[in-house]
Amino acid sequence: MAGALPPLTTIVAEPWADFGLIDSGHGRKYERYGAVRVVRPEPQAMWAPASDNWDPDATFVPGSDEEGGGRWIQHRPVPSDWPLSRDRVRFHASLTPFRHLGFFPDMAPQWDWMRARIGQGPADEAEVLNLFGYTGVGSLLLSETGARVVHVDASKKSVEGGRANAALSGLAERPIRWIVDDAAKFTAREVRRGRRYDGILLDPPKFGRGPEGELWRLEEHLPLLLADCRRLLDERSRFLVLTVYAVRMSALAIGELVRQVAAGLGGTVECGEMAVREEARGLLLPTAIFARWSR
Ligand SMILES: C[S@@+](CC[C@H](N)C(=O)[O-])C[C@H]1O[C@@H](n2cnc3c(N)ncnc32)[C@H](O)[C@@H]1O
């Protein structure tokens, strides 16, 4: 396996009806989630904003601790949750204590890409594994193609949120297995069961805990988890997508890792940055890094 990775790719989430990055700058971002406009801290937006006249419904004010903490201040009453759409999938947004809105819009181009890969074959025969799946927007968009989906997350509340989103989308009867488990444990069990998947999506946090308190540390545990993911892929498999955020890590590092893992499968590996396009000026706000294999 000689050679180097191809040049880095930038994957851009464009605005859609229910989401847009309106403006950004001076360490903050101004976004719309349906009819609700919010301002959140964004350390990478070091530039000046397009406008000084932001008029949000709510602002997230961070605590003194950089890793977390802080609270939402509502300038106008915001519902406890409200419905949004992406394509035919509907899901709940809310002002979460973790400063996000209950889903990650920068994932949209990855969802589209996986949907296209599934569409290249008989979709209803495809089986996709979504690890660290959170509230299931990705799982529902993948399921909506016709694929069978296994959704795994350590948080019972997130998985319940995923089921609620499935019901809201009219997809409650779809073949989606909603599993509360530790991602690494579940994947190892699937390997022992001799299972296979057509596609795998992993969106691991830097640090996390499984339902039994199992420790997840990205730098320590990602190589082993990817090795197990590889055992679930075979000559018919179509993709593996890894996205990583909030860590000091280069896309080249995860790109090389995925390239080694995918060796022997054929196909191609690409890696790079994920970004959201700002509506005011079209500039790109970086959000995460990714590496993905496909055939
Ligand atoms: C920020 S989310 C991923 C976002 C999601 N893929 C999406 O696009 O909506 C990270 C998720 O990892 C889950 N998590 C953390 N540690 C875990 C573990 N050990 N096993 C499984 N899930 C874990 C958390 O509960 C959380 O839902």
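The values are calculated or read from the model by the stated rules, or taken from the named source; none is laboratory data. All values derive from a computational prediction rather than experimental measurement. Because the Cβ atoms are built from the backbone with ideal geometry, glycine has one as well, and the counts that use them run over all protein chains shown.
Summary of computed values
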{"quantity": "Subset of segment 196-223 (residues that are in a strand (DSSP E or B) and either of a type in the set (A, V, I, L, M) or more than 12 Å from the ligand (Cβ to nearest atom) (or both))", "calculated": "Gly199, Ile200, Leu201, Leu202, Leu215"}
{"quantity": "Candidates Ala126, Ala164, filtered to the one that is over 22 Å from Leu225 (Cβ atoms) and small (Gly, Ala, Ser)", "calculated": "Ala164"}
{"quantity": "Residue match in segment 231-243 (condition: in a strand (DSSP E or B) and among the polar types (S, T, N, Q))", "calculated": "yes"}
{"quantity": "Answer from Ala167, Ala147 - the residue that is away from the ligand (no atom under 14 Å from the Cβ) and free of Cβ contacts under 8 Å to residues at least 24 places away in the same chain", "calculated": "Ala167"}
{"quantity": "Lys157 vs. criteria touching a residue at least 12 places away in the same chain (Cβ under 8 Å) and within 15 Å of the ligand (Cβ to nearest atom)", "calculated": "no"}
{"quantity": "Residue in segment 186-204 that is nearest to Tyr134 (Cα to Cα), counting only those that are surrounded by 13 or more Cβ atoms within 10 Å (Cβ to Cβ) and of a type in the set (Lys, Arg)", "calculated": "Arg189"}
{"quantity": "Criterion (in contact (Cβ under 8 Å) with a residue 40 or more places away in the chain and within 14 Å of the ligand (Cβ to nearest atom)) met by exactly one of Phe104, Phe98", "calculated": "Phe104"}
{"quantity": "Residue selected from segment 111-136 under the condition part of a loop (DSSP other than H, G, I, E, B) and either within 16 Å of the ligand (Cβ to nearest atom) or at pLDDT 95 or above (or both), by the criterion farthest from Gly210 (Cα to Cα)", "calculated": "Ala126"}
{"quantity": "Condition check for Leu232: of a type in the set (A, V, I, L, M), within 13 Å of the ligand (Cβ to nearest atom) and within 17 Å of Ala262 (Cα to Cα)", "calculated": "no"}
{"quantity": "Test result for Pro83, more than 10 Å from the ligand (Cβ to nearest atom), closer than 22 Å to Trp54 by Cα and not β-branched (Val, Ile, Thr)", "calculated": "no"}
{"quantity": "Residue match in segment 205-213 (condition: among the charged types (D, E, K, R), farther than 27 Å from Gln120 by Cα, surrounded by fewer than 16 Cβ atoms within 10 Å (Cβ to Cβ) and under 16 Å from the mean Cα position of the chain (by Cα))", "calculated": "yes"}
{"quantity": "Flag for Leu226 being more than 14 Å from the ligand (Cβ to nearest atom) and modelled with pLDDT of 95 or more", "calculated": "yes"}
{"quantity": "Residue within segment 173-194 that is among the basic types (Lys, Arg), assigned to a loop (DSSP other than H, G, I, E, B) and either free of Cβ contacts under 8 Å to residues at least 12 places away in the same chain or out of contact with any Ser or Thr (no Cβ under 9 Å at 6 or more places or on another chain) (or both) present", "calculated": "yes"}
{"quantity": "Single condition Thr187 does not satisfy, out of (1) touching a strand residue (DSSP E or B) at 6+ places or on another chain (Cβ under 6 Å); (2) within 15 Å of Glu127 (Cα to Cα); (3) among the hydroxyl-bearing types (Ser, Thr, Tyr)", "calculated": "(1)"}
